[in-house]
1. Can you give me the C-alpha center-to-center distance between the stretch 28-59 and the stretch 87-109, rounded to a whole angstrom?
2. Return the lysines within reach of K86: Cα separation strictly under 16 angstrom, same-chain partners fewer than 8 residues apart disregarded; answer none if there are no such residues.
3. Out of [x] 276; [y] 105; [z] 94, which label holds the value of volume of the Cα convex hull per residue in Å³ that was computed here?
4. Is there a quick way to get the dipole size of the chain? I mean about its Cα centre, with the Cβ of Lys and Arg at +1 and of Asp and Glu at -1; what is the value in debye to the nearest 20?
5. So how do D8, D29 line up by other beta-carbon neighbours within 10 Å, fewest first?
6. Comparing N116, N18, N38, which has the greatest mean-square fluctuation in the GNM of the chain with Cα pairs linked when under 10 Å apart?
7. So for the stretch 3-129, averaging the separation of alpha carbon pairs under 8 Å that are six or more residues apart and normalising by length, what relative contact order in percent results?
8. Output ³J(HN,Hα) for the stretch 80-97: one whole-Hz value per residue in order, computed from phi by the Karplus curve 6.51 cos²θ - 1.76 cosθ + 1.60 with θ = phi - 60°, and x for Gly and Pro.
Amino acid sequence: MSWQAYVDDHLLCEIEGNRLTSAAILGQDGTVWAQSSNFPQFKPEEISAIMNDFDEPGSLAPTGLHLGGTKYMVIQGEPGAVIRGKKGPGGATVKKTNLALIIGIYDEPMSPGQCNIIVERLGDYLIEQGL
């Protein structure tokens, strides 16, 4: 299965009638493996800051999670594994696997929990596959 199919079929899938606004699978170095057409153009330093937070959990809390220039307030995640951000009625979830970052961005009516399920389920599957 191509990386784009993982984005199209597993990240942009419908859950209880809702879908992610945008999604991507990136290498931990910030290279794009696959993304939805409307995924925001991110800056390399945004990915560096995300990777740093996985190594030093809590480092994003003072500055926020930035994706494509949008700032999300960092909320409860899983240190070293998942970063969650909130901005108004929407937010983002970033799941780290052995080789990749799985990113989902959502807005109402999707709930934070639905975004977490979609992103983390794919991330857990890729970890099981050694990816």
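1. The stretch 28-59 and the stretch 87-109 have Cα centres spaced 11 Å from each other.
2. Counting by Cα, and skipping residues close in sequence, K86 has these lysines nearby: K71, K95.
3. [z]
4. On the way: 9 positive and 16 negative charges, 57 e Å.
I would put it at about 280 debye.
5. So the ranking, lowest neighbour count to highest, is D29, D8.
6. N38
7. Values: 235 pairs, mean separation 28.9, N = 127.
RCO, the stretch 3-129: 23 percent.
8. x, 10, 9, 10, 10, x, 10, 8, x, x, x, x, 8, 10, 10, 10, 9, 10
Quick note: the coordinates plus some simple rules give every number you see, no bench work behind them. All values reported here derive from a predicted model rather than from experimental measurement. Cβ sites come from the backbone with ideal geometry, for glycine too, and all protein chains shown count toward neighbours.
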